[in-house]
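Participant: Okay, handing you the structure first.
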Amino acid sequence: MSAYSLKQRLPLYAEVMRLHRPIGIWLLLWPTLWAVWIAGNGKPAWDIVLIFTLGVVIMRSAGCVINDWADRDFDGQVTRTQGRPIADGRLPSREALYLFAALILCAAALLPFLNLQTFFWSFGALALASLYPFMKRFTYLPQVVLGAAFSWAIPMAFVAQDQSPGLLCWLLYAANLVWTVAYDTQYAMADRDDDLKAGIKSTAILFGRFDLAIVGGLQGFFLLMMTLLGLTLRLGPVWPVAVGIAGGLFVWQFRHSRDRVAIHCTEAFLNNHKAGMVLFAGLAIGYALR
């Protein structure tokens, strides 16, 4: 057991929850808000917005904790992750599990404020968040499982607002899954050499020298699905502008990471926050003007 006092542990908890790196929160929040706005017909109740926002922060934090616990024997072999609290021994692995359980309980505390159907759907979120960290041992497609986990709040947002998850919901789910695979491949490209040595699998390794082409193709498919979504919702002229700006950001990402330098791949990954934000702005404005 760690000799650290509670005051000394709190920064470690924040670090393993990745609160100092909120990119994962943003990338999970934007598609969640897309779904909240669509299911709420552009006017979601603010308590729903608040609950889902808190849920995103808590579940992303829990996902980081269980990911670092699962990867505690691998992180020390990867340059980017070798200083994580569990990997370098500052936070005992058993204590990390206690933190994960506490975060799940905090997320569960939000459920009584939602309907019963959302409660049942929440088990899918827990299962996917817990399953993802172990997939990189068995498949070169862990990013697909991450995409499924990062998209699970979409049908939950529909159910929470008494909407049946229909075709529009699953179109958005599929679009976000594709986008997640694209940007998490960029993220994995930065670690590819270390991952190969450690025996960690990823789409970056699977795609090999075709990585940028496949990421670009996935981003194009995502934009196509989002265009179809906007046409179906009749969001007006602001939506093509938002989609066009997102497309421009994807072009910048391609050009910035084409040398495959690790820091450039990471910066391309981080840029996806702007794409998600622009699309949410286009969605919200389109509903407001409609």
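Values quoted throughout were computed directly from the atomic coordinates according to the rules given, and no laboratory measurement underlies them. Not measured: the values here are computed from a predicted model. Glycine also receives a Cβ, built like all others from the backbone with ideal geometry; neighbour counts cover every protein chain displayed.
Participant: Report the gain in length on full extension from Gln117 to Val49: 0.36 nm times residue separation, minus Cα-Cα distance, nm rounded to one decimal. Provide the component values of the computation, followed by the final result.
Facilitator: Numbers: separation 68, 0.36 × 68 = 24.48 nm, distance 1.74 nm.
Extending this stretch completely gives an extra 22.7 nm.
Participant: Taking 0.36 nm per intervening residue step and subtracting the Cα-Cα distance, what contour gain separates Glu267 from Leu105 on full extension? Please list the in-between numbers first.
Facilitator: Details: separation 162, 0.36 × 162 = 58.32 nm, distance 3.37 nm.
Going from the current span to full extension adds 55.0 nm.
Participant: First measure r as the distance between the Cβ atoms of Arg290 and Phe210, then evaluate 1/(1 + (r/R0)^6) with R0 = 41 Å and state the FRET efficiency to the nearest 0.05. Walk me through the numbers on the way to the answer.
Facilitator: Values: r = 40 Å, r/R0 = 0.99.
Computed FRET efficiency for Arg290 and Phe210 comes out at 0.50.
Participant: Ignoring everything except DSSP H segments at least 4 long, calculate the 222 nm mean residue ellipticity for the chain; use -39,500 (n - 2.57) per segment, divide by total residues, nearest 500.
Facilitator: On the way: 14 runs with 212 residues, N = 290.
Taken over the chain, the calculation gives -24000 deg cm²/dmol.
Participant: Give the residue from Leu229, Gln8, Ser61 lying farthest towards the positive end of the charge dipole for the chain; charges sit on Cβ (+1 for Lys and Arg, -1 for Asp and Glu) and the dipole is referred to the Cα centre.
Facilitator: Farthest along the dipole direction, towards plus: Leu229.
Participant: Right, here's the next one. For the charge dipole of the range 163-290, defined by +1 on Lys and Arg C-beta atoms and -1 on Asp and Glu C-beta atoms about the Cα centroid, which residue among Phe269, Leu172, Gln253 has the Cα displaced farthest towards the positive pole?
Facilitator: Selected residue: Leu172.
Participant: Related question: With +1 assigned to the C-beta of every Lys and Arg and -1 to the C-beta of every Asp and Glu, and no other charges, what is the dipole magnitude of the range 6-289 about the Cα centre in debye, to the nearest 20?
Facilitator: Roughly 180 debye for the range 6-289.
Participant: What does the C-alpha gyration tensor say about the overall shape of the range 173-290? Classify as rounded when a/c is under 1.5, otherwise prolate if a/b is larger than b/c, or oblate. Provide the component values of the computation, followed by the final result.
Facilitator: Details: a/c = 2.83, a/b = 2.32, b/c = 1.22.
Prolate, because a/c is 1.5 or more and a/b exceeds b/c.
Participant: Please compute the contact order of the chain in relative form: average sequence separation of alpha-carbon pairs under 8 Å and at least six residues apart, divided by the residue count, as a percent. Numbers along the way, then the final one.
Facilitator: On the way: 373 pairs, mean separation 57.4, N = 290.
Relative CO of the chain lands at 20 percent.
Participant: Just one of (1) 69, 54, 40; (2) 52, 50, 38; (3) 58, 48, 31 is Cα extents along the principal axes in Å calculated from these coordinates, so which is it?
Facilitator: (3)
Participant: What does the highest-first list of 168-174, 134-140 look like by mean Cβ count within 10 Å?
Facilitator: Details: 168-174: 18.3, 134-140: 15.9.
Listed from highest to lowest mean packing, they are 168-174, 134-140.
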